[in-house]
Structures are given as structure tokens and as C-alpha cells.
Amino acid sequence: MRPEPGQVLHFSENPGLTAFVPHVAATAQQPEAYVWAVDAEHAPSYWFPRDCPRVLAWPRAETTDADRRLLSGARVHAIEYGWLPALRSVRLYAYRFDAEAFEPFGAPPYAMVATRPVTPLGPAEPVGDLLALHEAAGIQLRLVANLWAFMDEVAASTLGFSGIRLRYAAPRK
């Protein structure tokens, strides 16, 4: 599930939303109120239950051959074994928005934000089988006992990486 050209997506487990109003999330690291969305490149980062902790890693132009081998040549998304049942059973939905209402956020940009209320282009769309989405996109989904070892490994490498919802990960060993 990716947005069409000129669109961005917001993923949610709630299929009944009709309007999105900027707000400051309780865990926000910035004081501004936003409506958050993602472009096609970043959509796979949200093919998960909302609170599922995950580490994402991908090769970049400057990635060494040795570090590329950490990924078996592909983008990798890692989650803990305990989250697999939720990944398989969650009912995730995508809301489509006109990208004109959003601006890139981050350096380099990793999200899109709107600073005014926005209305979806239509009703929420079921995202479907999240394992099948990963497979179709050529993204390796790794199951690990603890995310921190993988996070530390990719953070020390030349790979691009991101950790999302890590506050819900099992404690470091």
C-alpha cells in the first residue's frame, strides 16, 4: 500500500476518521502541532501495528560491501518475535491525502506534515496482509528476540536506519 503520485498516506488502526486536525502528540519531540503522513518511499515503515517497535535498515550510496552483507542485499525491517501475532492480525487502514497540503519534515525528510486541518480524499482503505506487503516490496522481515542488538549493529554501520516505537521494545540484554 503506497500513495499514488500527488498523494501521501496516514496509517491508522481506526477506519472511522473523517478529519485530521494538527496536534502535538504526547511523545512529540517538537512543540508544533502537525498532521503526519508519509510519501511512497517511507510508507513501508508504517506497515506495522501502531505501537510495534521496529528497526529499519537499508543500503545507501556510501554503504560498504561489508555492511551491505548485514542486509543480505535488501532493505530489512526487524521486529521482536512477540510482535508477530499482532503483525499478522492487526487491521491496518490507510488514509489518502492530497500531498499539496503537506510539507517535508526532517533532514533528510522522513515524513510529511500539515499544519492545518486536512480531509482524506476518501474513506480509509484496508492495507491488507502486512507480511505479503513486505514480500511484494522485496523487504526482508526479520524476527529477533531483542531489537537492541540489531539496532546497535546498524547504527555503527554505513547503512541507513531508523528505530520506531523503541520505547515498546524489550529491554536491552
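The values are calculated or read from the model by the stated rules, or taken from the named source; none is laboratory data. Because the structure is predicted, anything quoted here is derived from the model rather than measured. Positions of Cβ are backbone-derived with ideal geometry, glycine not excepted, and every protein chain shown enters the neighbour counts.
Name the one entry in Gly138, Gly128 that is part of a loop (DSSP other than H, G, I, E, B), touching a residue at least 24 places away in the same chain (Cβ under 8 Å), under 30 Å from Gly16 (Cβ atoms) and out of contact with any helix residue (DSSP H, G or I) (no Cβ under 9 Å at 6 or more places or on another chain).
Among Gly138, Gly128, only Gly128 is part of a loop (DSSP other than H, G, I, E, B), touching a residue at least 24 places away in the same chain (Cβ under 8 Å), under 30 Å from Gly16 (Cβ atoms) and out of contact with any helix residue (DSSP H, G or I) (no Cβ under 9 Å at 6 or more places or on another chain).
Pairs please, first residue from segment 99-113 and over 17 Å from Pro31 (Cα atoms), second anywhere and part of a loop (DSSP other than H, G, I, E, B), Cβ atoms under 7 Å, 6+ apart in sequence or on different chains.
Ala99/Gly6; Tyr110/His42
Could you please let me know if Arg96 is of a type outside the set (Ser, Thr, Tyr) and either in a helix (DSSP H, G or I) or at pLDDT below 95 (or both)?
no
Which condition does Leu17 not pass, out of (1) exposed (fewer than 11 other Cβ atoms within 10 Å of the Cβ); (2) of a type in the set (A, V, I, L, M); (3) in a loop (DSSP other than H, G, I, E, B), if it passes all the others?
(1)
Quick one: in segment 39-70, of everything that is of a type in the set (S, T, N, Q) and over 13 Å from the mean Cα position of the chain (by Cα), which residue is nearest to Gly138 (Cα to Cα)?
Per the criteria, the residue is Thr63.
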